[in-house]
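The values are calculated or read from the model by the stated rules, or taken from the named source; none is laboratory data. Because the structure is predicted, anything quoted here is derived from the model rather than measured. Positions of Cβ are backbone-derived with ideal geometry, glycine not excepted, and every protein chain shown enters the neighbour counts.
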Amino acid sequence: MARGYASMDYYGNRGEQTLNLTVLRDYSTVARESLHDMNGYFLPNYRSMGTPMSYRLPRDCGQTANLITQHAASIVVIIVTSVETTSRAVSPSRADATQPECECSGDTEIAPVVYEPGYDPYSGGGDPGDCGGDGGGDESGGSGTQYEPGDYTGGETVDWETGVGNGGESACGSAALVEYVCIDVWTADGWSEWSCGYATTC
């Protein structure tokens, strides 16, 4: 969980805070969230304001959260039929927090969220960046068998792009069945197709 908090002390009758949270992994943006908070009063005075924000992270290692905040205080005067801002002060601030690096794992796992270029569903931590490996295949290149969707591999993993057996051990064991799957990701513009390839399923 990424948690951010913005606070300010100000003089005025309107306070505004904007929090922009960006989650990064391997220099790629995983998620972006924004929050705007405002309070208003009739008369200006010395005041304090606090705004919390939280975001559930898709992983528990290897990510960095950047929080950029903007604080604004103003004195707003209401004149019968109009509203006029007589003074306004704006100040930015920034904070960063990084998770521990991901450790290598010898087993395949299901990746809850996939955003990184070069994703390999058979690498030890969900993608090649976790261990710097080649996706779990052995040095001999595996059986080299060309599998098609619906074929059982007997426990061998397949290459994401070609469906050729690469010698890795599927988490499905002897029940490993080849399927052609597509991964969609949620962006600011809605769902979009990220990649399609071959994988073993149970």
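Can you tell which of V23, V83, V77 is at pLDDT below 90 and surrounded by 18 or more Cβ atoms within 10 Å (Cβ to Cβ)? Spell out the reasoning first.
On the way: V83 fails: surrounded by 18 or more Cβ atoms within 10 Å (Cβ to Cβ); V77 fails: surrounded by 18 or more Cβ atoms within 10 Å (Cβ to Cβ).
Residue meeting the stated conditions: V23.
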(Q) Which of the strands (runs of 3 or more DSSP E) found entirely inside segment 1-89 contain at least 1 residues meeting this: of a type in the set (K, R)? (A) 2-25, 28-55
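Residue by residue through segment 180-202, note down the ones that are in a strand (DSSP E or B), of a type outside the set (V, I, T) and exposed (fewer than 14 other Cβ atoms within 10 Å of the Cβ). So that I can check it myself, show each step before the final result.
Here is the first cut: in segment 180-202, the ones in a strand (DSSP E or B) are 180-187, 190-201.
Checking which are of a type outside the set (V, I, T) leaves us with 180, 182, 184, 186, 190-199.
Of everything in segment 180-202, those that are in a strand (DSSP E or B), of a type outside the set (V, I, T) and exposed (fewer than 14 other Cβ atoms within 10 Å of the Cβ) turn out to be Y180, C182, D184, W186, G190, W191, S192, E193, C196.
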**Q.** Residue selected from segment 44-55 under the condition surrounded by fewer than 16 Cβ atoms within 10 Å (Cβ to Cβ) and touching a strand residue (DSSP E or B) at 6+ places or on another chain (Cβ under 6 Å), by the criterion farthest from A73 (Cα to Cα)
**A.** S54
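Please find, among G124, G136, the residue that is at positive phi and modelled with pLDDT under 65.
Working: G124 fails: at positive phi.
The unique qualifying residue is G136.
Is it fair to say S54 is modelled with pLDDT of 90 or more and either small (G, A, S) or assigned by TED's automatic domain parsing to the domain that holds V90 (or both)? Outline the logic, then answer.
Numbers: modelled with pLDDT of 90 or more: no; either small (G, A, S) or assigned by TED's automatic domain parsing to the domain that holds V90 (or both): yes.
Spelling it out, it is not the case that S54 is modelled with pLDDT of 90 or more and either small (G, A, S) or assigned by TED's automatic domain parsing to the domain that holds V90 (or both).
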Q.
If the requirement is being modelled with pLDDT of 90 or more and of a type outside the set (F, W, Y), which of these qualifies: G62, G12?
A. G12
(Q) Please pick out the residue among P92, P58 that is surrounded by fewer than 17 Cβ atoms within 10 Å (Cβ to Cβ) and closer than 28 Å to W194 by Cα. (A) P58
